[in-house]
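Each value in this text was obtained by applying a stated rule to the coordinates, not by laboratory testing. Worth saying up front: this structure is predicted, and the values here are computed from it rather than measured. Counting neighbours? That spans all protein chains shown, and the Cβs are built from the backbone with ideal geometry, glycine included.
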Amino acid sequence: MSVPILEVCDVHAAYGRIEVLRGVDLSVPKGAVLALLGPNGAGKSTLTRVISGQKKPTSGDVHLGGVDVRDVRPEELARVGLCTVPEGRSVFANLTVEENLLLMSYAGVPAPAVLDTAFSYFPRLHERRHQLAGTMSGGEQQMLAMSRALASDPALLILDELSMGLAPLIVDELYETVARIASSGVSILCIEQFARTALRVADYAAVMSGGRVVATGEPAEILRSMSDVILGGAA
Amino acid sequence: MRTEPLLVVDDVVVRFGGVTAVDHASFVARSGRVTGLIGPNGAGKTTCFNVISGLQKPTSGRVRFGGRTISHTPVHRRARRGIGRTFQRLEAFGSLTVGDNVRVARDIRAGLLGAVRPSRGDVGGLLERVGIAAYADERADSVPTGVARLLELARCLAGDPKLLLLDEPSSGQDETETEAFGVLLRDLAAEGRGILMVEHDMDLVMSVCDELHVLDFGEVIATGTPAEIRSDPAVQRAYLGYSDAGSETRTDLQPVETTAVIPAVTPSTPRNSAEGALRAMSTDFHGDPGGTS
Amino acid sequence: MSSFIAYTLFGLFSGAAYAIAASGLVLTYSTTRVFNIAHGALGMVLSFVFWDFSVRQGMPTLLALALVLLVVAPAIGWFIARFVARDLGDAPASVSLVVTVALLVMCIGVATQVWPQESRTILPFFAGRTFGIGSATITAHQVITILASVVVATGLYVLLTRTRIGTAMRASVDNPELLRLFGGKPEQVAALAWMIGVSLAGLAGILLVSTVGLDYYALTLLVINAYAAAMLGRLTNLPLTFLGAMGLGLLTSYFPGYVHLDGFLAQVQTVLPALFLFAVVVALPQAQLRIGQVKGIVSAPLPSPRRTMGWSAALLLLVALLAGALSEANLLVVGRAAAFGIVMLSMVLLTGYGGHISLAQLAFAGVGALTYAKLGEPTLAGLAVSVLVSAAVGALVALPVLRLTGLYLALATLAFASIMDKVVFQADWAFGFNGLLPAGRLSFLGHSVSSTGAYVVVMTLFLVLVAWAVLVLRRGVVGRLLIATRDSAAACGTLGLDVRWFRVGLFALSAGMAGLGGALYAGLRQNIGSGDFIYFNSLLLLLFAVVAGVTSVSGAVLGGIGLTALPELQSSYPSVAGMFFVAIAVFAILLAKEPNGIAGHLFRLGRWAQDRVAPRIRANLPRLPGAGGEDDLASESEGVAHAH
């Protein structure tokens, strides 16, 4: 079996003395989509920050493509093929759509190619290319954010709470995009609170709780246990 | 004639720029009851708390407390009328000890008169009550999250509030702590306090709350007892995501059909330049090209 | 009509220069979140460099200009971004304020060191060449300035909207973390912003220098105009900033032309920009209360009462001995140190415990001194009235700026200090311009403390009493509240505290303490003038407070000594006078993130000594007068466990 694109080994991380990650083990096989589920405060977003290089773990290792990347800066990771779409609206609200796309060229793909990909996949963005990103609807903003994943052809894509605050139909549309990116062979770590939504596109799933990964497995079995975690035990 | 509930949130709207965080939300909390405010991330729960406690001005709508409209009352006066709150992102006084955190709350409550007298009495008792007496002399920025949350609760209780707004009080606590916390909540409610709680631990919510309001996209989409809420299809959709299956119950929580479109797990050969670059990092950063193939 | 055109042209010229300066300020702030107080000072230094190149070394003007703006200024900007301002954007506003104030003082130090005081002139560009517009004329230099502002505006527009790095600059305003995830480098962007910012400061300085004169302070403080314009653009909006600068330029040009100037109004003219700044800052929309993570800072340990007592007695004894031995002149120096110590203590309360930065503490001291001198009642009652008046003025300042924190509060107090300095202190009914007011020595129950030695002992006694008061406050309810409001104002609000009025009270108390220091100083000197309270010294006061340690009483005493020693040292070693400024600035930059300053290090040293070599050589420990000494734990380990 080939080396996983992402391997997280016993990662601990803390804010001050407050430990948020307490020994996370996780691995994403090359070309696979892993859905990472779990309640609020489980440490999912902190894990994203650790993998993307924004936060230094207190201990443990992160390997991308078999290489230890613990001390690599986030912009360097971004330039070599790690695409992180963080929680919330991950676009620059005070820049126009076109300017947002222009900045996506930092990841290594020339600006015209980025614009091409984005506009051909989301014609709506072309209509709004001179509009400030912050004035678009939440769904359109996420489309813009997803353009980076589409255009930069990453080795690993991390999506953090893509659906937050979005209407179900929009979420469906976004996940179709995720499915399409996945079908092109991109490895994806997809963090999501809506278990069903994420499990639709996932090959594997993992559940985080209290700073640890508490379950991993096939989407179907995870979904069954998730409903307990999310909506309360069989009371 | 029925008396008005302790807290009435009436048609409150909060907009930040173009984003509507709270959308015509209306709900109540009663004395002696534990009321849960639940909903997915970003549903506007914390914003609701900020509106009730006065840290956020609503765009429209009003808040009534104890039979009086308090929409324009400043934060500190609302506190003096009996609204206490804790914070999701903790707001403990980090440079003070746990005990002094509670003492500050008592001093503030005692007002000018209290400022000239040294505070005395039941700071220890309050810490004991929430179960963190052992941490009394530690700095608040050095205690675990769970303890800091309980500290915020104790600090709140020092002001003897009629209504407690608890924002994710159990996150950072383990199972036994959460259980003890549930008992404490019932206890506080039994004293006649109203408790309004935002919480993600559904075991806790379902076991201690008398009534639940479910918020989604800033709107109250359901209100009822825990049992009613759990079987409400709208709530299921809000929490577990949308599916075409219409009304569902817990028994048919199955993966939706679209899973069929999942691509093959094992990809073909290295397929793009970025991945090549990722691999090249081994030389860039470590001088060791091995490991990837 | 022709005079109107003339005023307008001059207004446009100064507006253009302000606009250039302000746009540099805005560019730096909006990209890095660091408000560069030293913007004007950098412009001043670069003007001196320009003089050096073009006049002293005789380079062609254009070459000198190019070297300054395209080589020297960017190099300085890069250096600042790389070594001084790094990570400052995420630091509390107080840290970046201290660092940039230190930069300002460093610039002045460097300038006085490299180019000692002498008469220097820089001629306007194309001196003598003028153009007629109707009946008015405009000089070539003015035309160049206005054109330069247009070029700068266009250049910035193109950079920010047409290039990727410019777009990244605007993006890093929005969200630098996200920019990293895109693969952009916020550090690179910040360095570019600093390089351009410093270069624009230089351009503005060089364009203004022929009007203002090559002076260390005039050019440095002229930047208040730029602050005001930048504030109008909320520090981010360049078009509004340009508009504000032009408006301010025209206003300052029309005002003397159309308002009949005599007495009071003449002075108002000099502070128009400061008034404008104050008004803009006060009118800014209310910021939300910060809600964030648990944060605490490690404060200096509190001394036990027994220790405080011991150090106080030691200090009093030392001063009493000195009083008998020192010359009159040296006694004045000791008294000055005590007065500054008291003013520093007012900052311990406000800044050290409360977390607010005020750049007006010396102005409050001036109010105390002025009241004391004007009352002509050198008794305890007169002293008390002086303190109350200062406290009332402090409260008055705090009222309009109630909702301001951090940078805005600091700028509002800076504006207030400059207004007090120029309008009030120099007014005829006050000290008068370059004037002195007589002030009597304090008397107790009819006995005047006439000998300087005795008076200095009395001042030290006041210092000790104020220090005790601060410590008692800190130990008690108020102290806990101070720390609590600093750590989380939002939480204090939800616990029932009216945070804003609490702050007004804090400001009043602190201003009253500063006023006490000022009044006592007036009595010491026996005549006092506005020159003793120039507002630039408030900046030095802040630096010394930070370097010595603003969180402890011992730090305040050290700071008072330092602030007194500085001018003495400078006049003893005039050849390196500027280097003292540079040294204190470097210390301040190094210590800005360590809130306890030198005093904190001394405490640690003291504790180390106590732990390691304690019993044997305790008697020989080096002790600092007035220092609070080690913490309670240490005294308890000595078996003196009655610290409560």
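Quick look at the numbers
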| read-out | value |
| --- | --- |
| 0 to 90° range, to nearest 10: angle between helix C:452-475 axis and chain C longest Cα axis | 90 |
| Rotationally averaged projected area of region A:91-153 (alpha carbon convex hull; nm²) | 3.4 |
| Three-way shape call for region B:1-94 based on the alpha-carbon gyration tensor, with the a/c threshold at 1.5 | rounded |
| Where labels lie 7 Å past Cα in the beta-carbon direction, separation of B:Thr3 and C:Val55 in nm | 8.3 |
| Debye, to nearest 20: dipole size of the protein assembly as shown, +1 on Lys, Arg Cβ, -1 on Asp, Glu Cβ | 3060 |
| Fewest-first sequence of A:Asp116, A:Asp172 by Cβ atoms within 10 Å of each Cβ | A:Asp116, A:Asp172 |
| In nm, spacing of pseudo-spin labels at C:Arg306 and C:Thr236 (7 Å Cα→C-beta vector) | 5.6 |
| Which listed pairs, of A:Lys44/C:Lys593; A:Lys55/C:Lys185; A:Lys56/C:Lys185; C:Lys422/C:Lys593; A:Lys44/C:Lys185, have C-alpha distances above 22 Å, in listed order | A:Lys44/C:Lys593; C:Lys422/C:Lys593; A:Lys44/C:Lys185 |
| Cleavage-rule hits (GluC sites (Glu not before Pro)) in region B:151-211: DSSP loop, at most 15 neighbouring Cβ within 10 angstrom | B:Glu191 |
| Inter-chain shielding of A:62-74 (mean C-beta neighbours from other protein chains, 10 Å cut-off) | 5 |
| Karplus-derived HN-Hα couplings along region C:32-49 (A = 6.51, B = -1.76, C = 1.60, θ = phi - 60°), whole Hz, x at Gly and Pro | 10, 6, 10, 8, 8, 4, 7, 3, x, 5, 5, x, 4, 4, 5, 5, 5, 4 |
| Span from the region C:401-471 Cα centroid across to the region C:18-77 one, whole angstrom | 37 |
| Cβ neighbours within 10 Å from other chains - mean over B:55-67 | 1 |
| Tilt relative to chain C, helix C:140-162 - C-alpha long axis, 0 to 90 degrees, to 10 | 80 |
| C:Gln269 versus C:Arg500: modelled label distance in nm, points set 7 Å from Cα along the beta carbon direction | 3.7 |
| Environment charge of C:Pro378, counting only residues whose C-beta is closer than 14 Å and scoring Lys/Arg +1, Asp/Glu -1 | +2 |
| Long-range HN-HN contacts of C:Met59 with modeled amide H, under 5 Å | C:Ser54 |
| Charge sum, other residues only, whose C-beta stays under 13 Å from A:Pro74's C-beta, Lys/Arg counted +1 and Asp/Glu -1 | +3 |
| Per-pair calculated FRET efficiency, R0 = 45 Å: A:Asp116 and B:Arg62 via Cβ, rounded to 0.05 | 0.30 |
| Rounded to whole Hz, the Karplus (6.51, -1.76, 1.60) HN-Hα couplings of region C:437-451, x for glycine and proline | 10, x, 9, x, 6, 5, 10, 10, 6, x, 9, 7, 8, 8, 6 |
| Cβ neighbours within 10 Å from other chains - mean over B:220-230 | 1 |
| Residue order, fewest to most beta carbons within 10 Å, for A:Thr177, B:Thr3, C:Thr100 | B:Thr3, A:Thr177, C:Thr100 |
| Amide H within-cut-off set for B:Ala222, under 5 Å, with H built and near neighbours excluded | B:Val214 |
| Under Karplus coefficients 6.51, -1.76 and 1.60, residue-wise ³J(HN,Hα) of region C:525-534 in Hz, glycine/proline x | 6, 6, 8, 9, x, 5, x, 7, 10, 4 |
| Against the rule of thumb 2.2 N^0.38 Å, how large the Cα Rg of the protein assembly as shown comes out | 1.01 |
| Crossing angle, helix C:238-258 versus chain C [Cα axis fit, 0-90 degrees, rounded to tens] | 90 |
| Sequence of C:Lys593, B:Lys45, A:Lys56 once ranked by neighbouring C-beta atoms within 10 Å, starting from the fewest | A:Lys56, C:Lys593, B:Lys45 |
